[in-house]
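A quick write-up on the structure given underneath.
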Amino acid sequence: MAPENLPSPIPFSRSAMEGLSACAVGLSKVAYLCRGEGSALERGNPRYAGGMRIELITTGSELLLGQVLNSHPGYLSGRLAMLGLELARQTAVPDGKEAIAEVLGEAWKRSDLVIVTGGLGPTSDDLTRDVVAEFFQKPLEYKPEIHEKILGYFRHRNLTPPELVKVQAMVPQGMEVLANEVGTAPGFWFEEKGKMLAVLPGPPRELAPMFEKGVEPKLRSRAKAAEGTRILRVYGGIRGMLAGCGLR
């Protein structure tokens with residue numbers, strides 16, 4: 001049975017349809033000019049977005065179990081886009097030395113920048129620090145100044161620091177420390193043979209300021225000029241016409 005009380009379709013004259021078609025073609029040309037040939041990621045060659053291939057590794061079994069929403073890819077992609085850069089690949093791995101080391105090794109071989117998030121806390125399943133130290137053969141060094149800063153974080157909040165937090169003052173030898181202004185776990189920055197590694201804490205409120213203040217300035221000086229992308233939003237039936245003209 002046909003649904004009742006629906007408005008009658010609006011008839012379009014031949015000239016109106018021709019006008020819409022011309023509009024669609026015009027918009028597709030505008031979009032082509034705005035986008036060039038599309039972003040590097042759209043062309044299937046993300047290595048050349050800003051001259052840098054970037055991979056993200058997010059660690060934590062809770063991400064794969066659906067217990068915690070993985071907000072890192074969306075946030076970091078947005079920040080990288082502002083620099084003319086794009087993520088080439090994102091991989092989530094469970095807590096476990098073998099799993100993290102395997103993905104880190106693969107990413108390090110093919111990428112210019114690898115970003116690893118999570119696993120820098122003081123508990124037994126926070127393994128990123130150890131994996132990074134072992135992979136790059138950089139023994140962990142105790143940094144008393146970091147430990148004191150962590151203790152001050154707890155004192156400021158009238159809390160008793162657990163003994164476990166001392167492990168967060170352990171840093172892979174020779175790696176640059178990225179300060180954590182709102183938490184306890186510092187991050188790391190490392191460069192070797194033209195490749196870069198950024199290791200950041202998992203909590204978004206700690207990750208964001210560390211990335212923006214500690215990592216972005218380093219990338220801004222290295223990123224090559226990249227093409228821009230503009231998004232044109234259209235509504236209604238014209239969308240199908242635009243798609244037919246090659247505008248996605």
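The values are calculated or read from the model by the stated rules, or taken from the named source; none is laboratory data. Computed from a prediction, not measured in an experiment: that's the story for all the values here. Using ideal geometry, Cβ is built from the backbone for each residue, glycine included, and neighbour counts are taken over all protein chains shown.
Test A92 against the stated conditions and say whether it is small (G, A, S), closer than 19 Å to W189 by Cα, surrounded by 16 or more Cβ atoms within 10 Å (Cβ to Cβ) and at pLDDT 95 or above. Against the criterion (small (G, A, S), closer than 19 Å to W189 by Cα, surrounded by 16 or more Cβ atoms within 10 Å (Cβ to Cβ) and at pLDDT 95 or above), A92 does not qualify. Just one of the numbered conditions (1) touching a residue at least 24 places away in the same chain (Cβ under 8 Å); (2) touching a helix residue (DSSP H, G or I) at 6+ places or on another chain (Cβ under 7 Å) is not true of E192: (2). Note on the stretch 141-248: enclosed strands (runs of 3 or more DSSP E) holding 3 or more residues that are surrounded by 19 or more Cβ atoms within 10 Å (Cβ to Cβ), at pLDDT 95 or above and not β-branched (V, I, T) are 195-200. Here D125, D130 are screened, and the one residue that is of a type in the set (D, E), farther than 22 Å from A208 by Cβ and buried (at least 16 other Cβ atoms within 10 Å of the Cβ) is D130. Taken over the stretch 85-136, residues that are outside any helix (DSSP H, G or I), of a type in the set (D, E, K, R) and over 14 Å from the mean Cα position of the chain (by Cα) amount to 4.
Here G78 meets the list (1) within 9 Å of the chain's Cα centre (by Cα); (2) in a helix (DSSP H, G or I); (3) surrounded by 15 or more Cβ atoms within 10 Å (Cβ to Cβ) almost entirely, failing just condition (3).
The set of residues from the stretch 47-70 being among the hydrophobic types (A, V, I, L, M, F, W, C) and at pLDDT 95 or above comprises I54, L56, I57.
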